[in-house]
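The next block holds one structure in the form of structure tokens; read it before the comments.
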Amino acid sequence: MYQLYSLRDKLGMTAKVLEAGSGVGGTWFWNRYPGARCDSESHTYMYYFSKEIIQEWEWSERYPQQPEILRYLNFVADKLKLRSDIELDTRMSQAHFDEATNRWHVKTENGKEYNAQYLITAVGCLSSANMPKIKGLSDFKGKWYHTGQWPHEGVDFKGKRVGVIGTGSTGIQAIPVIAASAAHLTVFQRTPNYSLPARNAPLTPEFKKYAKEHADDIRKIMTTNTNGHGFYIEDKSALEVPEDERLKAYEKKWEQGGFQFRALYRDILTSAEANETAAQFIRNKIKQIVKKPEVAELLADIDHPFAAKRPPVDSHYFETYNRDNVSLVDIRKAPIECITANGIKTTEHEYPLDIIVFATGFDAMTGSLVKLDVTGRNGRTLREYWHAGPRTYLGLQIPGFPNMFTITGPGSPSVLCNMPPAIEQHVEWITRCIKHMRDKGLDCVEVPESSGDAWQAEVDAAANATLLPKVKHSWYLGANVPGKPQVFMPYAGGLSHYRDICEEVIQDNYRGFEFHAAR
Ligand code: N01
């Protein structure tokens, strides 16, 4: 939706947005699981569609829930009169680049066909559900759901025995809410996870006023920092601070809630020793919060550095394990063997269930793109080209796929950021590139293999300068999907640095891109 607004308004061109669902909102249309809310704070979690919208819309909470975000996106669609350009219920099934005309031919599942000069994908980094292939699911007599494809009518957990598989951001948001109404909740945990308290609360009138009055200042911070948040990372090492001072600082941020905890020291993601100070603090917190020592031990037995997997932000996640109706099963020790007619069977025990919730994440970053069935130059498909892992130039274009742009594609900072600023930066960049082509009478833009290779070396170097690739079971590497090639996918050099690189590329006459004039 954002790309449509920006391109249409800035270029006055015809743009068509194909939306697979029967309403606008993308991720916030599909992810309706209990407890779904954004994990960045509302005054920073803003798609900056326009200054007017920022001034007009009023968020209610520090971390808005999914229905409020969806209302916002619908408000934007109305306000900017976007609906007439959006084709809902239109899932793209195929796109083919015609080398003779430099145009894309797009087919949809409902039998429509489109012809376009540019194909801009905005299919989301986390939208292709990862459903584990567990033997016996079809025998299960109860109901089961994936959190990313939640029924719009909701699910009633009252009086039900519920099992949740997965303790990533989604599971950690959903578990406290499900536990509040289920008869019993069994959480099947493979990898224990860190989580920071959100300290969600209604926004005060004073804060709302402040956020509106300082919208430009907040935006400036968001566009010049590492992760697109509304605060900077401190330029201090965790190791140069005396332990008592460091613990006090961690305590203060823990009480304040949210991602600012991670921003306390510059080396939390680059030094194992610095990271361990934060990791140890959180593990101790888990042990203080969770009353049953054996459960606390299982939750705190975390095998990776803090924030090396995307850190969840929660509302009473660890506290939920103090409820009598919640139990935790360690499936690292006793893996799930199969699903039976009555529930989940591990190598040690069978757990009778009425409902199974798969909070098992996504085929991240590449899944939704590969699924599109895109064919570029020389009849080569994206699936073939990416068989050993994604290759892009700046996460904006893919070698061999001319006139196609990927918003927050692999190789861009994307999932390592608050997503809206990362999306906006791509939209602005693509808009400028298309305007440049129009001004110069150019018909086609593409990137050679050499640009993809050189950028991949930068992506690898940026990742290797951090602790991120050390987590071998992370979806950043594609490790959560059996058989997926393991390549660190996002660019870890930081959003502001990446923004500078993209700007330099433009200033250097679109270095690394190749243009062709209209024939
Ligand atoms: O997915 P995940 P998610 N058997 O992949 C487990 C964003 N997000 O949906 O760690 C058993 O992180 C898996 O276990 P393991 C956010 O960027 C944003 O929770 O692989 N377990 C893990 O525990 C986030 O990072 C918001 O061992 C299996 C869990 O399932 C991203 O989405 C809210 C399994 C999956 O965790 C993804 O989060 C929510 C199997 N076969 C999410 N397969 C916002 O607020 C997987 N697991 C914006």
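Looking only at the stretch 101-110, count how many residues are modelled with pLDDT of 95 or more and out of contact with any strand residue (DSSP E or B) (no Cβ under 6 Å at 6 or more places or on another chain). Count: 1.
Pull up the stretch 129-170, narrow it to residues that are basic (Lys, Arg) and in contact (Cβ under 8 Å) with a residue 40 or more places away in the chain, then point me to the one that is farthest from Ala479 (Cα to Cα). Filtering first and then ranking leaves Lys160. Tell me yes or no: at least one residue of the stretch 421-437 is touching a Pro at 6+ places or on another chain (Cβ under 7 Å) and over 26 Å from Glu273 (Cβ atoms). So far as the stretch 421-437 goes, yes, one or more of its residues are touching a Pro at 6+ places or on another chain (Cβ under 7 Å) and over 26 Å from Glu273 (Cβ atoms). Kindly provide the set of residues from the stretch 366-397 that are out of contact with any Gly (no Cβ under 8 Å at 6 or more places or on another chain) and within 16 Å of the ligand (Cβ to nearest atom), ordered by number. The one that is out of contact with any Gly (no Cβ under 8 Å at 6 or more places or on another chain) and within 16 Å of the ligand (Cβ to nearest atom): Gly367. Close Cβ contacts (under 8 Å, 6 or more residues apart or on different chains) running from residues in the stretch 20-42 that are within 12 Å of the ligand (Cβ to nearest atom) to residues that are of a type in the set (Ser, Thr, Tyr) and at pLDDT below 90 comprise Cys38/Tyr45.
Considering only residues in the stretch 232-253 that are under 26 Å from the mean Cα position of the chain (by Cα) and surrounded by fewer than 17 Cβ atoms within 10 Å (Cβ to Cβ), the one that is modelled with the lowest pLDDT turns out to be Tyr232. Residues in the stretch 192-206 that are away from the ligand (no atom under 16 Å from the Cβ) and surrounded by 16 or more Cβ atoms within 10 Å (Cβ to Cβ): 1 in all. Applying the set (1) assigned to a helix (DSSP H, G or I); (2) among the β-branched types (Val, Ile, Thr); (3) within 10 Å of the ligand (Cβ to nearest atom) to Ile175 leaves exactly one unmet item: (3). Ala307 satisfies every condition listed in (1) away from the ligand (no atom under 12 Å from the Cβ); (2) of a type outside the set (S, T, N, Q); (3) part of a loop (DSSP other than H, G, I, E, B); (4) surrounded by 19 or more Cβ atoms within 10 Å (Cβ to Cβ) except (1).
The values are calculated or read from the model by the stated rules, or taken from the named source; none is laboratory data. Keep in mind that this is a model prediction, so the values were computed, not measured. Here Cβ is always computed from backbone atoms with ideal geometry, including for glycine, and neighbour counts include all displayed protein chains.
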